[in-house]
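> One structure, pasted below without further comment.
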Amino acid sequence: MDKLVLFTNSELKERIDKRPLESKFGENVVTLKPSSNIYEDLEALDVEYVLIGFPEDVGVFANSESVGTSNTWETTVNELLNFQNNQFTTPEKLCILGHVDFTKEIEKLQKLDPSSAKHLAKAKKLVSKIDSTVSQLIFEITKAGKKPIIIGGGHNNAYGNIKGSALALNKAINAINLDMYSGFKQDKGRHSGNGFTYAFTEGFLKDYFIFGLQENYTSDVIFKTLKKLKHIDFITYESLEIRQDTSFKKELQNALLATEHRPFGIELACNSIENNGCEQISASGFSVKKARQFVHFFAQQPQAQYLHICDAKPLKGQHPEVGKLIATLITDFIRAHSK
């Protein structure tokens, strides 16, 4: 795959801040040597998880949102490598594959005007090209018998994650999404707001549960669409956290009942977490603790197929906060899923 930039041992060593009497997470992870056949090399590796980054802003731009999601990969890797290696972490189960180079797409994006309908249409075409790259890479990782851990980028990449997984497994998969938005906007050109729409329409997504959908940000049209489709369910943030019509624990179980009968992807949008250190913070959102519990709960399930963390837009000078949050969620996934 031409656009894949492998994470090298030399790069790994440069990023690790070594300290006496400490073993760092990054000193024990696995990297891949340059090769023409990623699938065969991954299949031969004695690891369970493969970390891959999709640093791009194209999907959020095409959805008329502010850019910034392309910054997440770098800060996440830096923080993850410098976590401790101890009895509670298992870095040897993880291969850091690298990231996809979307430099050309981002350069084209910088020439576009977000207020122009024609320019947004061009951005949507770029998203479709990104879809092909994402789905192919997730296909190869999954076919090799590994669990992808995917760092975005925007939530547009949910489509490629679902499609690639479904093709590798030769059947539609399910998805559970911690998000303030549905990701189910009309399918009029690809962007970060309709990845699940396209995956569902094309038959790659079977059952879909949205966890924490915010009532103030969801149109009546989308609510009506979600309610009439029997394979889609949701619980709103307000019902959970404000009115407390139900409990967090109960809805975790309900979401599991809706998705556990076939392989499912765990999707998490960082803008659904309060005080996340990002440029766009919701007026209200889930605590970091509950986001971690969400990942831990679903990662324990045998049908958990991948983890996708996206829609983080790090502010300058606050990159470590975002990186530490996402790196923590990664280790929560590995720790829970490995039990």
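> Got a sec? Which strands (runs of 3 or more DSSP E) wholly within the range 166-246 have at least 1 residues that are touching a His at 6+ places or on another chain (Cβ under 9 Å) and either buried (at least 20 other Cβ atoms within 10 Å of the Cβ) or hydroxyl-bearing (Ser, Thr, Tyr) (or both)?
173-178, 205-213
> In the range 297-321, which residues are modelled with pLDDT under 95 and either surrounded by 24 or more Cβ atoms within 10 Å (Cβ to Cβ) or within 12 Å of the chain's Cα centre (by Cα) (or both)?
Asp311, Ala312, Lys313, Pro314
> Here's something else I'd like to know. Can you confirm whether the range 104-116 contains a residue that is out of contact with any Lys or Arg (no Cβ under 8 Å at 6 or more places or on another chain), buried (at least 16 other Cβ atoms within 10 Å of the Cβ) and either part of a loop (DSSP other than H, G, I, E, B) or at positive phi (or both)?
The answer is no, given that none of the residues of the range 104-116 is out of contact with any Lys or Arg (no Cβ under 8 Å at 6 or more places or on another chain), buried (at least 16 other Cβ atoms within 10 Å of the Cβ) and either part of a loop (DSSP other than H, G, I, E, B) or at positive phi (or both).
> Test Asp17 against the stated conditions and say whether it is of a type outside the set (A, V, I, L, M), part of a loop (DSSP other than H, G, I, E, B), out of contact with any Cys (no Cβ under 8 Å at 6 or more places or on another chain) and touching a residue at least 40 places away in the same chain (Cβ under 8 Å).
Answer is yes for this residue.
> May I pose another question? Scanning the range 220-266 for residues that are among the hydroxyl-bearing types (Ser, Thr, Tyr) and over 22 Å from the mean Cα position of the chain (by Cα), which turns out nearest to Ala158 (Cα to Cα)?
Thr225
> Follow-up. Within the range 21-54, which residues are aliphatic (A, V, I, L, M) and either touching a residue at least 40 places away in the same chain (Cβ under 8 Å) or outside any loop (DSSP other than H, G, I, E, B) (or both)? It would help to see each step written out before you state the result.
Taking the range 21-54 and keeping what is aliphatic (A, V, I, L, M), we get 21, 29-30, 32, 38, 42, 44-45, 47, 50-52.
Of everything in the range 21-54, those that are aliphatic (A, V, I, L, M) and either touching a residue at least 40 places away in the same chain (Cβ under 8 Å) or outside any loop (DSSP other than H, G, I, E, B) (or both) turn out to be Val29, Val30, Leu32, Ile38, Leu42, Ala44, Leu45, Val47, Val50, Leu51, Ile52.
> Quick one: is Phe25 within 24 Å of Ala304 (Cα to Cα) and at pLDDT below 95? Show your work before the answer.
Numbers: within 24 Å of Ala304 (Cα to Cα): yes; at pLDDT below 95: no.
No: the conditions fail for Phe25.
> Let me ask another. Could you tell me whether the range 121-129 includes any residue that is touching a residue at least 40 places away in the same chain (Cβ under 8 Å), surrounded by fewer than 23 Cβ atoms within 10 Å (Cβ to Cβ) and under 21 Å from Leu307 (Cβ atoms)?
No, there is no match, as no residue in the range 121-129 is touching a residue at least 40 places away in the same chain (Cβ under 8 Å), surrounded by fewer than 23 Cβ atoms within 10 Å (Cβ to Cβ) and under 21 Å from Leu307 (Cβ atoms).
> Within the range 247-263, track down each residue that is surrounded by 16 or more Cβ atoms within 10 Å (Cβ to Cβ) and charged (D, E, K, R).
Answer for the range 247-263, where residues must be surrounded by 16 or more Cβ atoms within 10 Å (Cβ to Cβ) and charged (D, E, K, R): Glu251, Glu260.
The values are calculated or read from the model by the stated rules, or taken from the named source; none is laboratory data. It should be emphasised that the depicted structure is a prediction, and the values quoted were computed from it without experimental measurement. Counting neighbours? That spans all protein chains shown, and the Cβs are built from the backbone with ideal geometry, glycine included.
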